[in-house]
Amino acid sequence: MQELLERNVPLTFTDSLFKLFVVKPLGMAELMELPVASLSGGELQRLSILVCLGTPASVYLIDEPSAGLDCEQRVLVAKVIKRWIVSHLKRTCFIIEHDSLMMSALADRMILFEGRPGIETWAHSPRSVGDAFNNFLQTLNVTFRRDPTNYRPRINKENSVKDREQKRAGQYYLLDVDDEPEDDANNGKGAKQNGYNH
């Protein structure tokens, strides 16, 4: 792996800020001696992100950075991307992502697409994260809130007190941290299991 990085991403070894903001938090230093073919899916994904971030560009386009990463790594990678591209390089980055945890940790603005799969689609103008999530979740009739301990987006149980309150208020995506445990209005029925796609 070191040879690949020396050839393609010299910043890995020459730029102290790149080491501090990208290499170290991605945990790549301990993988340097390993051959690329021996890396796991998550390690390959982090390597790909490192190569992308170490490539000079005016605008970055990253497709599904969450692929192969666990929940903690997704939040970490989101912070690395934001810190390096937006805060340090002052560049624009477009992320194509379907994971709500990654989106909520990464986005400053979101673009929603609507239409019929494989037939037609149109894009809305960029909007705030809360507005975009709210509009999207409203079409699914599903409400989200942030978990009070780990701040991850969490689906409310259908017809629970929180679900009904948020729907009445038109807040399908609640950015504020919830302080109270969820009261299940379904007499112990489990949370809604079906996921969503955009």
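The values are calculated or read from the model by the stated rules, or taken from the named source; none is laboratory data. Only a predicted model underlies this, so the values are computations on that prediction, with no experimental measurement involved. Here Cβ is always computed from backbone atoms with ideal geometry, including for glycine, and neighbour counts include all displayed protein chains.
Looking across the range 43-64, the residues that are touching a residue at least 40 places away in the same chain (Cβ under 8 Å) and surrounded by 15 or more Cβ atoms within 10 Å (Cβ to Cβ) come down to Leu47, Leu50, Gly54. Tell me, yes or no, whether the range 30-39 has at least one residue that is modelled with pLDDT under 95, surrounded by fewer than 18 Cβ atoms within 10 Å (Cβ to Cβ) and touching a Gly at 6+ places or on another chain (Cβ under 6 Å). Taking every residue of the range 30-39 in turn, none turns out to be modelled with pLDDT under 95, surrounded by fewer than 18 Cβ atoms within 10 Å (Cβ to Cβ) and touching a Gly at 6+ places or on another chain (Cβ under 6 Å). Selection of the range 134-177 for residues being assigned to a loop (DSSP other than H, G, I, E, B) and either in contact with a helix residue (DSSP H, G or I) (Cβ under 7 Å, 6 or more places away or on another chain) or modelled with pLDDT of 90 or more (or both) yields Asn141, Val142, Thr143, Arg152, Asn156, Lys157, Glu158, Asn159, Ser160, Gly170, Gln171, Tyr172.
Would you be able to tell me the number of residues in the range 9-60 that are over 17 Å from Val86 (Cα atoms) and hydroxyl-bearing (Ser, Thr, Tyr)? Count: 6. Within the range 76-106, the set of residues being in contact with a helix residue (DSSP H, G or I) (Cβ under 6 Å, 6 or more places away or on another chain) and either over 24 Å from Ser58 (Cα atoms) or free of Cβ contacts under 8 Å to residues at least 24 places away in the same chain (or both) comprises just one member, Leu101.
No other residue among Lys82, Lys90 is in a helix (DSSP H, G or I), outside the structural domain of Arg145 (by TED's automatic domain parsing) and either charged (D, E, K, R) or exposed (fewer than 14 other Cβ atoms within 10 Å of the Cβ) (or both) apart from Lys82.
Looking for whichever is of a type outside the set (Phe, Trp, Tyr), touching a strand residue (DSSP E or B) at 6+ places or on another chain (Cβ under 6 Å), farther than 24 Å from Val23 by Cβ and surrounded by 13 or more Cβ atoms within 10 Å (Cβ to Cβ) here; the options are Gly115, Gly130. Which one fits? Write out each step before concluding.
Details: Gly115 fails: surrounded by 13 or more Cβ atoms within 10 Å (Cβ to Cβ).
Step by step, each of Gly115, Gly130 is checked, and only Gly130 is of a type outside the set (Phe, Trp, Tyr), touching a strand residue (DSSP E or B) at 6+ places or on another chain (Cβ under 6 Å), farther than 24 Å from Val23 by Cβ and surrounded by 13 or more Cβ atoms within 10 Å (Cβ to Cβ).
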